[in-house]
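S.K.: The structure is given below, and queries will be raised subsequently.
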Amino acid sequence: MKMDRDGRGLGNRAQLLPSDPREPTEDAEGADPGLLAEIRHGPRHVRDPADPRRIVIGTPPIPMGRASGHEVWRLPHATEAGWADDIGYVFGGDFLFAHLLVPEPVGADLARLTHQAYARLLTFVRGSRYPHPLRVWNYLSRINAYERGVERYQAFCRGRATALTEGAVPESRFPAATAIGCDAPGLSIHLLAGRQPGTPIENPRQLSAYAYPLTYGRRSPSFVRAMLYDGPQHSRELAISGTASIVGHVTMHPGQLQRQLRETIRNLDSVMRGARALSPRLSRLHPVWLKVYLRDPDRVREVDAVLRAWAGEDSSLLYLRGSICRRDLEIEIEGHGAVSRPDRDDPARAERDPPVGQQDPSATK
């Protein structure tokens, strides 16, 4: 793989977050030069050999209002794309999008399969100019089923943790992550990596996932609750991991969707407060994008009413059918927040919110 050209600016879109897929950005020839990823959702996982920028994840969308069934990630830079064997990649500016879809033969050892997939992706990322994984999405079939006497999610966690340990990735450099069960076969992984590392954010209401007791498996889940990083054109971005109704390490309100939803919102609020506390500039941080996974799609309207009241009408919501990593959890929510750079024409704001480059990232860790 060769990555030795940076993209050139194409405009003033300053945040690396899912944009409205209906927004016209293609040029006269039908190309979208700044496209980093287009992620659709449907009944099965799909990779397009002709275009690694576009993938389909096997988590079917749940119709709700004007919500779209896919995400579009754009950069204010031209992107380049290609394949390294069966790893698809797209890069531009300071960011790399990479993905891998691994078939799972009948009788395969999921822990070993996950270990091999993660080892390959970590090797690929470290060999690029974007060596820092910031955010990872994982989708596996029958996540709550038992095989070889172990729940499949626990087997997945063991394989992931083994690869991270062998790759000498410390807990302080774990990415934010989501792991969701679906009906589609195979293990689908996609990630966002950067030239620079992010700042991990934990939730004081919850035990760090990587410190969970052995009750939840031989190897704990290897992720942080959120990752704060510098986006394009000095924006500040917060990628929030899949979040559920867990306090400490215990599931709260088993099987009770509405109570789990409100507990999940409290956890999201707590993560956002932790990020805002790092800088006065981040006091304006708010969720602009939420992706909601539901076991029971028929209950989407009651969930949407509560989430809209909390997040506000300016936030985009995408509802997907998926299984949560614990059998007694009904809902999981991931999110993305962003703050644009200060207005340079406003001296008062510029003085109050210094440029990101003038801040010492180590002081926030």
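S.K.: Are there any pairs with C-beta distances below 8 angstrom linking a residue in region 99-127 that is under 15 Å from Ala84 (Cβ atoms) to a residue that is part of a helix (DSSP H, G or I) and among the acidic types (Asp, Glu), with the two at least 6 apart or on different chains, and if so which?
M.R.: Close Cβ pairs satisfying both conditions: Ala119/Glu166.
S.K.: Looking only at region 232-253, count every residue that is open to solvent by 10 Å² or more (accessible area, probe 1.4 Å) and more than 22 Å from Trp310 (Cβ to Cβ) and tell me the total.
M.R.: Summing the residues that are open to solvent by 10 Å² or more (accessible area, probe 1.4 Å) and more than 22 Å from Trp310 (Cβ to Cβ) in region 232-253 gives 5.
S.K.: Here is a follow-up. If you check Leu290 against the conditions, is it touching a residue at least 24 places away in the same chain (Cβ under 8 Å), assigned to a helix (DSSP H, G or I) and open to solvent by less than 30 Å² (accessible area, probe 1.4 Å)?
M.R.: Here the answer is no, as Leu290 does not meet what is asked.
S.K.: Is it the case that Leu110 is of a type in the set (A, V, I, L, M), buried (at least 17 other Cβ atoms within 10 Å of the Cβ), out of contact with any Cys (no Cβ under 7 Å at 6 or more places or on another chain) and at pLDDT below 75?
M.R.: no
S.K.: Hey, another quick one. Is there a residue being on the phi > 0 side of the Ramachandran plot and either in a loop (DSSP other than H, G, I, E, B) or out of contact with any Lys or Arg (no Cβ under 8 Å at 6 or more places or on another chain) (or both) anywhere in region 154-170?
M.R.: yes
S.K.: Tell me which residues, restricted to region 159-180, are basic (Lys, Arg) and either touching a Cys at 6+ places or on another chain (Cβ under 9 Å) or over 13 Å from His132 (Cβ atoms) (or both).
M.R.: Result: Arg160, single match.
S.K.: So Ala277 ticks every box in (1) open to solvent by 20 Å² or more (accessible area, probe 1.4 Å); (2) in contact with a His (Cβ under 7 Å, 6 or more places away or on another chain); (3) of a type outside the set (Lys, Arg) but one. Which box is left unticked?
M.R.: Unmet condition: (2).
S.K.: Also, I was wondering about something else. Which of the residues belonging to region 195-208 are outside any loop (DSSP other than H, G, I, E, B) and surrounded by 24 or more Cβ atoms within 10 Å (Cβ to Cβ)?
M.R.: Correct list: Ile201 only.
S.K.: Of all residues in region 63-95, which are within 19 Å of the chain's Cα centre (by Cα) and under 26 Å from Glu332 (Cα atoms)?
M.R.: Ala67, Ser68, Gly69, His70, Glu71, Val72, Trp73, Arg74
S.K.: Okay, moving on. I need the full set of residues from region 96-130 which are within 29 Å of Arg236 (Cβ to Cβ) and more than 17 Å from the chain's Cα centre (by Cα), in order please.
M.R.: Listed by number, the residues that qualify are Phe124, Arg126, Gly127, Ser128, Arg129.
S.K.: In the list Met64, Met1, which residue meets the criterion of being at pLDDT below 95 and touching a helix residue (DSSP H, G or I) at 6+ places or on another chain (Cβ under 6 Å)?
M.R.: Met64
S.K.: Identify the residue in region 77-107 that is at pLDDT below 95 and of a type in the set (A, V, I, L, M, F, W, C) and, among all such residues, is most open to solvent (accessible area, probe 1.4 Å).
M.R.: Selected residue: Val106.
S.K.: If you check Leu238, Leu261, which single one turns out to be closer than 22 Å to Ser172 by Cα and either out of contact with any Phe, Trp or Tyr (no Cβ under 6 Å at 6 or more places or on another chain) or touching a residue at least 40 places away in the same chain (Cβ under 8 Å) (or both)?
M.R.: Just one listed residue meets the conditions, Leu238.
S.K.: Do we find a residue being assigned to a helix (DSSP H, G or I) and in contact (Cβ under 8 Å) with a residue 60 or more places away in the chain anywhere in region 301-321?
M.R.: yes
S.K.: Are any residues in region 310-325 under 28 Å from Ala155 (Cβ atoms), of a type outside the set (A, V, I, L, M, F, W, C) and out of contact with any Pro (no Cβ under 8 Å at 6 or more places or on another chain), and if so, which ones?
M.R.: Gly322, Ser323
S.K.: Give Asp304, Asp296, Asp269 a once-over and let me know the one that is open to solvent by less than 50 Å² (accessible area, probe 1.4 Å), in contact with a helix residue (DSSP H, G or I) (Cβ under 9 Å, 6 or more places away or on another chain) and acidic (Asp, Glu).
M.R.: Being open to solvent by less than 50 Å² (accessible area, probe 1.4 Å), in contact with a helix residue (DSSP H, G or I) (Cβ under 9 Å, 6 or more places away or on another chain) and acidic (Asp, Glu) holds for just one of Asp304, Asp296, Asp269, which is Asp269.
The values are calculated or read from the model by the stated rules, or taken from the named source; none is laboratory data. Computed from a predicted structure; not experimentally measured. Don't worry about glycine lacking a Cβ; one is built from the backbone with ideal geometry, like all the others, and counts go over all protein chains shown. Note: accessible area is taken over every heavy atom of the protein model, side chains too, but ligands, DNA and RNA are not part of it. Shrake-Rupley method; radii C 1.70, N 1.55, O 1.52, S 1.80 Å.
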